[in-house]
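Working notes, beginning with the structure itself.
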Amino acid sequence: MPAAAPAAPTEAALEEQVRSRARFRRALSGTAAGVFARGTAVATNLVSIPIVLRYLGPVEFGIWATITSLSALFSFSDLGLGNGLVNALASTRAGEDRARAAQYVSSTAALLAALSVLPPIFFAIFVGTSDVLTVFGGSSVTSARSITLALGAFSGCLAVAMPLGIAQRVQLGLQYSAGSQLWSAAANLASFVALLGGVALSLRLPWLVLGYFGAPLIVQAANLVLLARRHDWARPRWALVHPATARLLLREGAMFFVLQICTALIFSSDNLIVSRLLGVESVTALAVPSRLFSLATVAIGLAVGPLWPAYGEARARGDFAWIRKALRYSSIAVVGTALAVSLPLVFAGPWLVRIWAGLQSPPSTSLLLWLAAFTVAFALSSALGTVMNGLGILKPQVICGIATATLTLLLKLTLGHNFGLEGIAAATTLGLLLFSVLPFLFILPAHLRRLHSETSNHP
């Protein structure tokens, strides 16, 4: 008896296959654009640093570097509202609910506009209560007035950037990651051109700061205008600001804000602890090999980032099969990337550090092994954390984040005191594995089952 022919896929199944391929395609294009944007940022930094150093001299360059580094410190000054907007828009994409999306955009824009007054107030208080020459290490080469004006330019640009940055968050929420990354690359190039122009015109420090941080604002404004022309609902309107929506965004944004602080404590505390426990000369011995392994962590972040809004859209459509498939594929990809980059560095690390950075004392094999283990742990944590972000599973992450930050810091102090640099690298790795990765492996399946059940019962 001949075998029965397989049943033809239904129209709904075909549509879901098309959506599944589109999500992966958008994620891959976002990753490729992210690599280009990151490469642009690295290249412009490599070119501009020696030019600015020769122009300003070591004293003013140190002030310049300190002020520009503040942008990373204030990267989460939006209190997590940008991340909350990404999740909110991802959920509206499934139902094409443009009216709701417009409320989210307008409410977020109003909140960011209100928060934008904080950076100038903060720096005004700082300048009014501090000796800026002492804080920034100035001398007769640089006047306190010059530093104050530079800080004013920076804080003013930061205030304007907060509401303008909503355009890229909208693009991420709509899974236009590639477009968002290309606009980032354009902003980096604008900063670079403005900086070189300032040097060519022999402008002083405050004008260089204004050009460096002000030029990207033009790019961000252009992005917002073009986005609003393409999607009229994405144009912020005061009439669409909704108090209940604003409260929802603030509540979710607050959890993202806590997560960002925890992440900063976990990953950015090593140099401070090394300096405190082992002396400032030991900071370089850890920072240089860590920078090598950061090649993998940057690639991992670029790979999983575009999947965040895709998970949110898939949840809204009830496509949990795609979520599980994407999680499986992304986990294998990022762990494979971590291993492919880290294992060669364990063997070639001492030689690379000596050739690249000129360090005469190469890192130990045990330190390199712990850095490799951290890279793998970071890869798995990123894959799991991204799907939890996209699905809105935030409270468990906040609990784990606080526990990881607190206990990892204690481990770093304890193991660093007893085992030196290897102890600090081990503490970061063990803290991430024990207090984040392992809990996520138990928490995520349970929440996936719950969300799937809720979606099935309330189609």
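The values are calculated or read from the model by the stated rules, or taken from the named source; none is laboratory data. Please read all numbers here as calculations on a predicted model, not as lab measurements. Here Cβ is always computed from backbone atoms with ideal geometry, including for glycine, and neighbour counts include all displayed protein chains. Protein only, heavy atoms only, side chains kept; ligands, DNA and RNA dropped before computing areas. Shrake-Rupley method; radii C 1.70, N 1.55, O 1.52, S 1.80 Å.
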Legend entry - Filter result for the condition that a residue is in contact with a helix residue (DSSP H, G or I) (Cβ under 6 Å, 6 or more places away or on another chain), of a type outside the set (D, E), closer than 19 Å to P445 by Cβ and part of a helix (DSSP H, G or I), over I300, I332, I323: I323
Inset, instruction - Considering only residues that are basic (K, R) and modelled with pLDDT of 85 or more, look in region 307-324 and name the one that is farthest from A32 (Cα to Cα). - result: R315
Legend entry - Top-ranked residue in region 275-320 [being of a type in the set (F, W, Y) and under 19 Å from A88 (Cα atoms); ranked as farthest from the chain's Cα centre (by Cα)]: F320
Inset, instruction - Mind telling me which of the residues L367, L410, L384 ends up being part of a helix (DSSP H, G or I) and open to solvent by 20 Å² or more (accessible area, probe 1.4 Å)? - result: L410
Legend entry - Qualifying residue in region 243-260 (condition: within 30 Å of L407 (Cα to Cα), of a type in the set (F, W, Y) and either part of a helix (DSSP H, G or I) or more than 20 Å from the chain's Cα centre (by Cα) (or both)): yes
Legend entry - Cross-chain or 6+ apart pairs with Cβ under 9 Å, region 314-340 first and in contact (Cβ under 8 Å) with a residue 40 or more places away in the chain, then in a loop (DSSP other than H, G, I, E, B) and of a type outside the set (D, E, K, R): R315/G392; G318/P459
Inset, instruction - Taking the options G401, G423, name whichever one is of a type in the set (G, A, S), open to solvent by less than 70 Å² (accessible area, probe 1.4 Å), in contact (Cβ under 8 Å) with a residue 12 or more places away in the chain and part of a helix (DSSP H, G or I). - result: G401
Inset, instruction - Kindly provide the set of residues from region 321-345 that are open to solvent by 30 Å² or more (accessible area, probe 1.4 Å), hydrophobic (A, V, I, L, M, F, W, C) and over 20 Å from the mean Cα position of the chain (by Cα), ordered by number. - result: A321, I332, L339, A340, V341, L343
Inset, instruction - Scan region 350-370 and report the pairs whose first residue is farther than 13 Å from L421 by Cα and at pLDDT 75 or above and whose second residue is open to solvent by less than 90 Å² (accessible area, probe 1.4 Å) and part of a helix (DSSP H, G or I), with Cβ atoms within less than 6 Å and a gap of 6+ or a chain change. - result: V353/V288; V353/P289
Inset, instruction - Those residues that are in contact (Cβ under 8 Å) with a residue 24 or more places away in the chain and either hydroxyl-bearing (S, T, Y) or open to solvent by 80 Å² or more (accessible area, probe 1.4 Å) (or both), I need them from region 208-234; list them, please. - result: Y212, I218
Inset, instruction - Give the residues of region 51-90 that are among the polar types (S, T, N, Q), in a helix (DSSP H, G or I) and open to solvent by 40 Å² or more (accessible area, probe 1.4 Å), sorted by residue number. - result: T66, S69, S71
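Go through region 41-50 and report how many residues are open to solvent by 40 Å² or more (accessible area, probe 1.4 Å) and in contact (Cβ under 8 Å) with a residue 12 or more places away in the chain. Even if it seems obvious, please write down each step before you answer.
The first filter runs over region 41-50 and keeps only residues open to solvent by 40 Å² or more (accessible area, probe 1.4 Å), leaving 42-43, 45-47, 49-50.
Then drop every residue that is not in contact (Cβ under 8 Å) with a residue 12 or more places away in the chain, which leaves 47.
Residues flagged as open to solvent by 40 Å² or more (accessible area, probe 1.4 Å) and in contact (Cβ under 8 Å) with a residue 12 or more places away in the chain within region 41-50 amount to 1.
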Inset, instruction - Report, by residue number, each residue of region 305-320 that is open to solvent by 10 Å² or more (accessible area, probe 1.4 Å) and either of a type in the set (D, E) or in a helix (DSSP H, G or I) (or both). - result: L307, W308, R315, A316, R317, D319
Legend entry - Pair list, Cβ < 6 Å and 6+ apart or interchain, from region 145-159 residues that are modelled with pLDDT of 85 or more to residues that are in a helix (DSSP H, G or I) and open to solvent by 30 Å² or more (accessible area, probe 1.4 Å): A153/L210; F154/F213; S155/P120; C157/F213; A159/P120
